[in-house]
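Following: one structure in C-alpha cells, then a few remarks.
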Amino acid sequence: MEQKHDVQQHTFDIHRLREISWKLSRAIIQSTTKAGSGHPSSSLSAVDVLTVLYFGDVMRYKPQEPHWPDRDRFILSKGHAAPGLYVTLAEAGYFDPALLSTLRQFGSPLEGHPVYGRTPGVEASTGSLGQGLSIGLGHALSAKVDGRDYRVYVMIGDGESDQGQIWEAAMSAAKYRVDNLTTILDLNGYQQTGPVSKVMPALMPVVQKWQAFGWDVQEIDGHDLAQIHTAFRQAAEVRGRPQILIAHTDKGKFLSPFTKDEKVRKHGVPLNEEEAQTALAELDDRYHAQEGA
Ligand SMILES: Cc1ncc(C[n+]2csc(CCOP(=O)(O)OP(=O)(O)O)c2C)c(N)n1
Ligand SMILES: [Mg+2]
C-alpha cells in the first residue's frame with residue numbers, strides 16, 4: 001500500500017536560513033570534536049549550500065519516506081564532508097539529532113563517510129573521491145527514462161576535481177543533455193596536501209572549463225544564502241544542459257582556528273576543546289550580529 005507522507009515544505013526565509021546555518025555549523029564542530037576525528041573544515045565550507053538546498057525551498061523530499069521515488073536526490077561526492085551532511089539530514093528530520101553525538105563510533109549509523117542503506121537520506125556511498133557525479137548522472141538519466149520529474153544535486157570538491165572520472169561524467173552529462181542535474185563545486189581553494197593552485201593549477205580557469213564541457217555555469221559566493229538560492233532557481237530553469245554552480249567558499253567558514261596557515265594541517269582534523277569553544281563563540285557572535293540580536 002502506498003504510504004502517505006507530506007513533502008517537506010519550505011519557503012525562502014533568510015532569517016530562518018541564517019539560524020539553520022548557524023545551528024548546523026555549531027553541530028559540525030561539536031560532533032567532530034566529540035568524535036575526535038572527521039573533517040570539520042570541509043563540512044563548514046559546504047554548510048551554506050546544504051542549508052539552502054534542504055531548507056530554502058530547493059529540494060523536494062519526504063524525510064519520513066527516504067525512498068519516495070519522486071524525491072530530489074542529493075549526493076555528497078566529496079564524502080569526507082559527511083558531518084555536514086549528517087547535521088543537515090538530522091535537522092531535516094531523517095533521524096534523531098541525538099545520533100550526531102555518536103559520529104564515527106563503532107556501530108553508529110553515522111560512519112566517517114556516507115554509506116548508502118546505513119543512514120536515512122544518504123543517496124550514495126561516497127568518500128572514494130570522483131564517483132558521485134557519475135552516480136548522480138545515473139539518477140538523472142533514470143528520471144528521464146522513468147518519466148519522473150525529480151532533480152539531482154551533486155556536490156564535488158576542487159581537490160576532488162583532480163579525478164578523471166569527474167570529467168568523464170561532465171562530458172557524458174552534456175552529451176545526454178541532462179538538464180535535471182545540478183552540480184555544486186565547493187571551490188574552497190584547498191585540498192588534502194596543499195592549495196589547489198599548487199597541487200593542480202590546471203583546474204583554472206574553472207568557469208571556462210565547465211563552459212567548454214557544455215554546462216550552464218554560474219559563479220557564486222557559496223556563503224551568501226540569498227545568492228545560493230537565486231542560483232539554484234536559475235539552474236532549474238535551464239533546459240537541455242546540465243548546470244554547475246561554482247561556489248567560492250572558505251574551508252572552515254572564516255573561523256579563526258582555520259586560518260590560512262592552518263588550512264592544510266587541519267584538513268581532516270577536528271578542533272580540540274579549546275579551539276571548538278572559540279569557534280562556537282565566533283559563530284554565536286556572527287549570528288547575533290547578523291540578526292541584530
Ligand atoms: C580516490 C581518493 N583519493 C584520495 C582520497 C583522500 N582524500 C580525502 S579528502 C581529500 C582532499 C579533497 O579535497 P577537496 O575535494 O578540495 O575537498 P575539501 O576538503 O577541500 O572540501 C583527499 C585527497 C580519497 N578520499 N579518495
Ligand atoms: Mg577543496
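The values are calculated or read from the model by the stated rules, or taken from the named source; none is laboratory data. Since the structure is predicted, the reported quantities are computational estimates derived from the model, not experimental observations. Cβ atoms come from the backbone with ideal geometry, glycine included; neighbour counts cover every protein chain shown. Only protein heavy atoms, including side chains, enter the accessible area calculation; ligands, DNA and RNA are left aside. Shrake-Rupley method; radii C 1.70, N 1.55, O 1.52, S 1.80 Å.
Separation between the GLU219 and TRP68 pseudo-spin-labels, each 7 Å from Cα along Cα→Cβ, expressed in nm?
3.7
Excluding same-chain residues fewer than 8 positions from LYS23, which lysines have a Cα within less than 20 Å of its Cα?
LYS34, LYS251, LYS253
Among HIS229, GLY56, TYR190, whose Cα projects farthest towards the positive end of the dipole of the chain, with charges put on the beta-carbon of Lys, Arg (+1) and Asp, Glu (-1)?
Working it through, the farthest residue towards the positive pole turns out to be TYR190.
Of all accessible surface on the chain at a 1.4 Å probe, what whole percent is carbon and sulfur?
Values: 6330 of 12520 Å².
That share works out to 51 percent.
Give me the distance between the Cα centres of segment 240-262 and segment 93-145, rounded to whole Å.
One Cα centre to the other: 21 Å.
Under a cut-off of 14 Å between alpha-carbon atoms, report the aspartates and glutamates in cross-link reach of LYS260, not counting same-chain residues fewer than 8 places apart.
ASP250
Sequence neighbours fewer than 8 away in the same chain don't count; with that in mind, list the aspartates and glutamates whose C-alpha is under 16 Å from LYS175.
Output for LYS175: ASP216.
With just the Cα atoms defining each centre, how far is segment 11-38 from segment 216-239? Give it in Å.
Cα centroid of segment 11-38 versus Cα centroid of segment 216-239: 21 Å apart.
Evaluate the distance, in nm, between pseudo-label points positioned 7 Å from the Cα of VAL7 and of ASP162 along their respective Cα→Cβ axes.
4.1
Expected output is a single nm value to one decimal: the length gained when fully extending between ALA226 and GLU274, i.e. 0.36 nm times separation in residues minus the C-alpha distance. What is it? Mind dumping the intermediate values first?
Working: separation 48, 0.36 × 48 = 17.28 nm, distance 3.25 nm.
Length difference between fully extended and current span is 14.0 nm.
Which one, TYR86, HIS15, SER125, projects farthest toward the positive side of the charge dipole computed for segment 14-291 from Cβ point charges (K/R +1, D/E -1)?
SER125
Tell me, in nm to one decimal, what length is gained between ASP285 and ARG239 on full extension, where the rule is 0.36 nm per residue of separation less the Cα-Cα distance? Mind dumping the intermediate values first?
Values: separation 46, 0.36 × 46 = 16.56 nm, distance 4.21 nm.
Taking ASP285 through ARG239 to full extension adds about 12.3 nm, to one decimal.
Relative contact order for the chain: what percent, with Cα pairs under 8 Å and sequence separation of 6 or more? List each step's numbers first, then the result.
Working: 563 pairs, mean separation 65.5, N = 293.
Normalised by residue count, the contact order of the chain is 22 percent.
Suppose R0 equals 30 Å. What FRET efficiency, 1/(1 + (r/R0)^6) with r the Cβ-Cβ distance, do PHE106 and GLN192 give to the nearest 0.05? Present the calculation step by step, with values, prior to reporting the outcome.
On the way: r = 25 Å, r/R0 = 0.83.
For PHE106 and GLN192, the calculated efficiency is 0.75.
Determine the percent antiparallel among the DSSP beta bridges restricted to the chain, to the nearest 5. Intermediate results must be reported in sequence, preceding the final value.
Values: 1 of 23 bridges.
Roughly 5 percent of the DSSP beta bridges within the chain come out antiparallel.
For the chain, modelled as a GNM with alpha-carbon contacts under 10 angstrom, which of SER43, SER108, SER31 fluctuates the most?
Most flexible of the set in this elastic network: SER108.
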